[in-house]
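Single-structure report; data block below.
The values are calculated or read from the model by the stated rules, or taken from the named source; none is laboratory data. Worth saying up front: this structure is predicted, and the values here are computed from it rather than measured. Counting neighbours? That spans all protein chains shown, and the Cβs are built from the backbone with ideal geometry, glycine included. Protein only, heavy atoms only, side chains kept; ligands, DNA and RNA dropped before computing areas. Shrake-Rupley method; radii C 1.70, N 1.55, O 1.52, S 1.80 Å.
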Amino acid sequence: MEMDDPKLSDDEVVTAVLNGRSQDYEILVRRYSGKLIHFVTRMTADPDEARSIAQEAFLKIFQNLPYYRRENNFSAFIFKVAKNMTLNWLNRQKRTVFFSRLLGRELNQAPFRQDLPRLSPQDRSEREKLVTSSLRRLPEEQRLALVLKVYLEFSYKQIGEVTGWSVPKIETLISRAKGRLKKTILLQESGGESVYHARKK
Amino acid sequence: MNCQNVIPVLSAYQDGELDPALAKEVGLHLRDCAACRGEWEDLQELGRRLRLPPPASDPFFPTRVMAGLRPLPAGRHRLLQAASYALIFLMIFLAGFLLQTSTNGLAKAERLPAATYSAVLLEPQGLGLMAVHEDTLSLFERERP
């Protein structure tokens, strides 16, 4: 089987892997790694940690392939696993910060530190910093829904398949997230003279 | 349609998630209402600014994933696992049955209350959790000198 043969559906590749051709799993890794890393990066605001979480997610997905139901929806299956692992990581970070504050120590953990984590040169723009820090301040559910919509271009139905939420809930979460971001990004990026601000006068 | 109906659905309109009839009404309202059009333009501007490039691709990522894979349990292994659970269950059940029979045979004069059941629960993944009926336990107590 050729590496990422677009003619092969995800389910066909899964069947091949389950029939003993483990090496074909690389087709799925190549097919989804970009999106998966993008998703986790936007959720965690930490590109290095995102790669590590994405790698763990792919290993977990592989071990869980026998339990995958072939409904031609492998994408929802893998993003569900990645979403759970990302939220677990975020919760662990929160707990670490909570206990370290309890002990009176300052932490320098990614979601809470003031400066952004090490970014690749192309990511160093001011705009990216502002967007990343604004996303990081969103409540977790709003961030998750918005990241799936904006960066992965999932429909509300697909977001529902990954998160288990209803379409009206997703609509509300995304609308609220945009409302918050409008206030932070549009106001800050234009140095107070934003379109948003001007219109409110 | 008025502004109060339009503002809450603007985000879904932007995401292309509105019913086509409703989307058409929103579009008509935006053409005529400057205040709602302002909100709409802000949303569009936000959409543009949110767009970020994906992180730089890592050509070694798939290789690292593939190097970390552990072999999947083969179908035959899964069958063997199920068969071993069944065998263990059967053995425990037989042991309970034999124990009950032998106790009844030894003490005819003083008939012990018959043990009704030995229930064995096997967790699907971890071997072990065993529940024994209290009548079975009482048999052991009676046998002590």
Exercise. Kindly provide the set of residues from the range A:27-60 that are among the acidic types (Asp, Glu) and more than 9 Å from chain B (Cβ to nearest Cβ), ordered by number.
Key: A:Asp46, A:Asp48, A:Glu49
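Would you pick out the residues in the range A:60-75 that are in a helix (DSSP H, G or I) and surrounded by fewer than 16 Cβ atoms within 10 Å (Cβ to Cβ)? Before you say what the answer is, go through the steps one by one.
The first filter runs over the range A:60-75 and keeps only residues in a helix (DSSP H, G or I), leaving A:60-63, A:65-67, A:74-75.
Residues satisfying the conditions are A:Lys60, A:Gln63, A:Pro66, A:Tyr67.
For the range B:1-78, which helices (runs of 4 or more DSSP H) that fit wholly inside it have 1 or more residues that are under 18 Å from A:Thr172 (Cα atoms)? Lay out the reasoning, then the answer.
Numbers: elements: B:3-14, B:20-32, B:34-50, B:61-67.
Because the criterion is at least 1 residues that are under 18 Å from A:Thr172 (Cα atoms), the helices (runs of 4 or more DSSP H) in the range B:1-78 that meet it are B:3-14, B:20-32, B:34-50.
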Exercise. Go through the range B:1-45 and count every residue that is farther than 24 Å from A:Arg180 by Cβ and open to solvent by 80 Å² or more (accessible area, probe 1.4 Å).
Key: 8
Quiz item: In the range B:11-21, how many are more than 8 Å from chain A (Cβ to nearest Cβ), closer than 22 Å to A:Leu146 by Cβ and among the hydrophobic types (A, V, I, L, M, F, W, C)?
Solution: 1
Practice problem: Scan the range A:163-185 for residues that are under 11 Å from A:Ser134 (Cα atoms) and facing chain B (nearest Cβ under 9 Å) and report the count. | Solution: 5
Practice problem: Give the residue, chosen from A:Val29, A:Val40, A:Val81, A:Val13, that is touching a residue at least 40 places away in the same chain (Cβ under 8 Å) and of a type in the set (Val, Ile, Thr). | Solution: A:Val40
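Across the range A:140-164, what is the number of residues that are open to solvent by 50 Å² or more (accessible area, probe 1.4 Å) and in contact (Cβ under 8 Å) with a residue 24 or more places away in the chain?
So the first thing to find is which residues in the range A:140-164 are open to solvent by 50 Å² or more (accessible area, probe 1.4 Å), and the list is A:141, A:153, A:157-158, A:161, A:164.
Add one more test, that the residue is in contact (Cβ under 8 Å) with a residue 24 or more places away in the chain, and what stays is A:141, A:158, A:161.
Within the range A:140-164, residues that are open to solvent by 50 Å² or more (accessible area, probe 1.4 Å) and in contact (Cβ under 8 Å) with a residue 24 or more places away in the chain number 3.
How many residues are in a helix (DSSP H, G or I) and at the interface with chain B (Cβ under 10 Å from one of its Cβ atoms) if we restrict to the range A:12-26?
Qualifying residue count, the range A:12-26: 6.
Within the range A:80-88, is even one residue surrounded by 23 or more Cβ atoms within 10 Å (Cβ to Cβ) and either in a helix (DSSP H, G or I) or more than 12 Å from chain B (Cβ to nearest Cβ) (or both)?
If we filter the range A:80-88 for residues that are surrounded by 23 or more Cβ atoms within 10 Å (Cβ to Cβ), which is where we start, we get A:82, A:86.
Subset that is either in a helix (DSSP H, G or I) or more than 12 Å from chain B (Cβ to nearest Cβ) (or both): A:82, A:86.
Taking every residue of the range A:80-88 in turn, at least one turns out to be surrounded by 23 or more Cβ atoms within 10 Å (Cβ to Cβ) and either in a helix (DSSP H, G or I) or more than 12 Å from chain B (Cβ to nearest Cβ) (or both).
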